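Enquirer: Below: one structure in structure tokens.
The values are calculated or read from the model by the stated rules, or taken from the named source; none is laboratory data. Only a predicted model underlies this, so the values are computations on that prediction, with no experimental measurement involved. Don't worry about glycine lacking a Cβ; one is built from the backbone with ideal geometry, like all the others, and counts go over all protein chains shown.
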Amino acid sequence: MEILQLVGLGLVVTVWAVVLRQNKPEWALFLSIMAGVVVFLALLGPIGGVVDVLRQVGERAQVSDIYLGTILKIVGIAYLADFGAQVCRDAGEGAIAGKIEFAAKILVLVLAVPIVVAVLNTLLRLLP
């Protein structure tokens, strides 16, 4: 989907959700979540293209698949956590949204440790 289609979808769903929220708030939340899923699914194709390009560049630069995979996992965690937190906020659950974001930060930190160690080891080898 082009950006105009996605923005149009977002605006139409927003108007419907505002109207529904007055009488059927649960349906408004469901509509909001479904719109988010549709947008996410529409972006899977372009995301796959970016991943392919990154893999090709990584192969040419002789970067280990472990590091590239870790970076892609970190990006995925960030996007999914943001999506989940936004859904929680839409449902009025800001506290749960904050906990999702906190958990994502911890997971990113855990995944980043091997990369940081590899960078530090490389720097130590370069120093006399």
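Enquirer: Between Val13, Val51, Val38, which is under 30 Å from Gly69 (Cα atoms) and at pLDDT 90 or above? Don't jump to the end; show me each part of the working.
Expert: On the way: Val13 fails: under 30 Å from Gly69 (Cα atoms); Val51 fails: at pLDDT 90 or above.
So the residue among Val13, Val51, Val38 that is under 30 Å from Gly69 (Cα atoms) and at pLDDT 90 or above is Val38.
Enquirer: Residues of the range 76-96 being in contact (Cβ under 8 Å) with a residue 24 or more places away in the chain and of a type in the set (Asp, Glu), which ones?
Expert: Asp90 - this is the single residue of the range 76-96 that is in contact (Cβ under 8 Å) with a residue 24 or more places away in the chain and of a type in the set (Asp, Glu).
Enquirer: Surrounded by 14 or more Cβ atoms within 10 Å (Cβ to Cβ), within 20 Å of Val51 (Cα to Cα) and either without any contact (Cβ under 8 Å) to a residue 12 or more places away in the chain or hydrophobic (A, V, I, L, M, F, W, C) (or both) - does that describe any residue in the range 97-110?
Expert: yes
Enquirer: Also, I was wondering about something else. Pick from Gly84, Gly8, Gly45: which is in a helix (DSSP H, G or I), of a type in the set (Gly, Ala, Ser), out of contact with any helix residue (DSSP H, G or I) (no Cβ under 7 Å at 6 or more places or on another chain) and modelled with pLDDT of 90 or more? Break it down stepwise before answering.
Expert: Values: Gly84 fails: out of contact with any helix residue (DSSP H, G or I) (no Cβ under 7 Å at 6 or more places or on another chain); Gly45 fails: modelled with pLDDT of 90 or more.
Testing whether each residue is in a helix (DSSP H, G or I), of a type in the set (Gly, Ala, Ser), out of contact with any helix residue (DSSP H, G or I) (no Cβ under 7 Å at 6 or more places or on another chain) and modelled with pLDDT of 90 or more leaves just Gly8.
Enquirer: Follow-up. Pick from the range 53-73 the residues that are in a helix (DSSP H, G or I) and among the β-branched types (Val, Ile, Thr): which of them is farthest from Val116 (Cα to Cα)? First the steps, then the outcome.
Expert: Step one: list which residues in the range 53-73 are in a helix (DSSP H, G or I), which gives 53-60, 65-73.
If we keep only those that are among the β-branched types (Val, Ile, Thr) as well, we get 53, 57, 66, 70-71.
Values: Val53: 23, Val57: 20, Ile66: 13, Thr70: 12, Ile71: 12 Å.
It comes out as Val53.
Enquirer: Gly58 fails exactly one of the following numbered conditions: (1) exposed (fewer than 14 other Cβ atoms within 10 Å of the Cβ); (2) more than 29 Å from Gln5 (Cβ to Cβ); (3) among the small types (Gly, Ala, Ser). What is the number of that condition?
Expert: Condition (1) is where Gly58 drops out.
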